[in-house]
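First up is the structure itself, then whatever we jot down about it.
The values are calculated or read from the model by the stated rules, or taken from the named source; none is laboratory data. If you're wondering where the values come from, they're calculated on a predicted model, not measured in any experiment. Reconstructed Cβ throughout: ideal geometry from the backbone, glycine too, with neighbour counts over all protein chains shown. Surface accessibility is based on the protein's heavy atoms, side chains included, excluding ligands, DNA and RNA. Shrake-Rupley method; radii C 1.70, N 1.55, O 1.52, S 1.80 Å.
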Amino acid sequence: MYEWVGTQDNEQYLCVPEAIKWREQVCGGEEAIYEYNNTLLRKATKIVVSELGTETLENEEGTLMDCTMSFVRLPLNLEKDGGTVKAADFGTILTFMGQTMASEYQSYVATSVFQGGIWCRLSAQVYLDEDDFVFAAKMLKEVCERVNKGEYLTMVLKPVSRA
């Protein structure tokens with residue numbers, strides 16, 4: 001049903017053999033990529049949890065991060081815990097955070113609501129290293145501090161520059 005979108009561009013298929021070759025020759029193959037990403041994710045999660053002073057989402061077996069992705073609770077002063085950040089404002093907060101990260105930090109970390117709080121999703125990729133997560137942790141901390149001060153209530157949200 002969605003095959004025809006007005007244009008047809010098959011160029012992306014031409015890079016597949018070179019992409020596979022790069023993954024094998026430069027990255028060492030799929031097992032090496034998975035090992036790098038899994039190791040990086042566990043280090044990255046510790047970096048972000050330490051900077052934010054919160055927790056990661058994990059099960060009793062400790063296997064939720066085996067997919068090279070983790071979730072870290074953001075340090076928001078939630079009303080239910082005696083703070084001023086209201087759950088009713090979560091949509092506005094997510095918009096504020098996304099636009100602030102993109103426009104002021106030229107970066108973005110996915111955020112979502114879960115279990116009455118806002119969590120960020122970390123995803124390890126072969127092109128990232130620990131420094132990227134140190135930056136992300138500092139950015140998230142600063143943006144959360146601004147949310148806790150109520151800035152999301154007064155800021156006029158601006159379109160993100162595409163330049």
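Do the sum for the chain: with -39,500 (n - 2.57) for every DSSP H run of n ≥ 4, divided by all residues, what is the mean residue ellipticity at 222 nm, to the nearest 500 deg cm²/dmol?
Numbers: 6 runs with 76 residues, N = 163.
When only DSSP H runs of four or more count, the value is -14500 deg cm²/dmol.
What FRET efficiency comes out for Glu35 versus Ala87 if R0 is 30 angstrom and r is the Cβ-Cβ distance? Round to the nearest 0.05.
E between Glu35 and Ala87, to the nearest 0.05, is 0.15.
If the chain between Leu153 and Val134 were fully stretched, how many nm would it gain, using 0.36 nm times the residue separation less the Cα-Cα distance?
Values: separation 19, 0.36 × 19 = 6.84 nm, distance 2.77 nm.
That works out to 4.1 nm of additional length.
Excluding the sites themselves, what is the longest stretch of the chain that contains no GluC sites (Glu not before Pro) in a DSSP loop with at most 14 other C-beta atoms within 10 Å? Show your work: numbers first, answer last.
Numbers: sites that count: Glu3, Glu55, Glu58, Glu60, Glu61.
Result, exposed sites excluded: 62-163.
Probe radius 1.4 Å, ligands and nucleic acids left out: which of Thr39, Thr111, Thr84 has the largest accessible area, and how do the rest follow?
Ranked from most to least accessible, the order is Thr84, Thr39, Thr111.
Round to the nearest 0.05 the FRET efficiency obtained for Thr95 and Lys46 when R0 = 35 Å and r is the Cβ-Cβ distance.
Computed FRET efficiency for Thr95 and Lys46 comes out at 0.75.
Which number do you get for Rg(Cα) / (2.2 N^0.38 Å) in the chain?
Rounded to two decimals, the normalised Rg is 1.24.
Looking at this model, which pairs from Lys43/Lys86; Lys43/Lys149; Lys80/Lys149; Lys21/Lys138; Lys21/Lys141 are more than 27 angstrom apart at the alpha-carbon? Working shown, then result.
Details: Lys43/Lys86 32 Å; Lys43/Lys149 30 Å; Lys80/Lys149 16 Å; Lys21/Lys138 36 Å; Lys21/Lys141 39 Å.
Distance filter (> 27 Å) returns Lys43/Lys86; Lys43/Lys149; Lys21/Lys138; Lys21/Lys141.
Using DSSP to call loops (not H, G, I, E or B), can you name the trypsin sites (Lys or Arg not before Pro) in region 76-137 whose Cβ has at most 14 other Cβ atoms within 10 angstrom? List each step's numbers first, then the result.
Values: sites: Lys80, Lys86, Arg121; in loops: Lys86.
Passing both the DSSP loop test and the Cβ count: Lys86.
Between Glu145 and Ser112, what is the label-to-label distance in nm when each label sits 7 Å out along the Cα-to-Cβ direction?
Calculated label separation equals 2.9 nm.
Taking Cα pairs under 8 Å and at least six residues apart, what relative contact order does the chain come out at, in percent?
25 percent
Tell me which residues come under 5 Å, amide H to amide H, from Ile118 once H is placed; ignore anything under 5 positions away on its chain.
Leu74
Please give me, ordered by residue number, the chymotrypsin sites (Phe, Trp or Tyr not before Pro) of region 68-141 that lie in loop per DSSP and have at most 11 other Cβ atoms within 10 Å.
Of the chymotrypsin sites (Phe, Trp or Tyr not before Pro), the ones in loops of region 68-141 whose Cβ has at most 11 other Cβ atoms within 10 Å are Tyr127.
Assigning unit charges at the beta carbon (Lys, Arg +1; Asp, Glu -1) and nothing else, what dipole magnitude in debye, to the nearest 20, does the chain show about its Cα centre?
Values: 15 positive and 25 negative charges, 145 e Å.
Here the chain has a charge dipole of around 700 debye.
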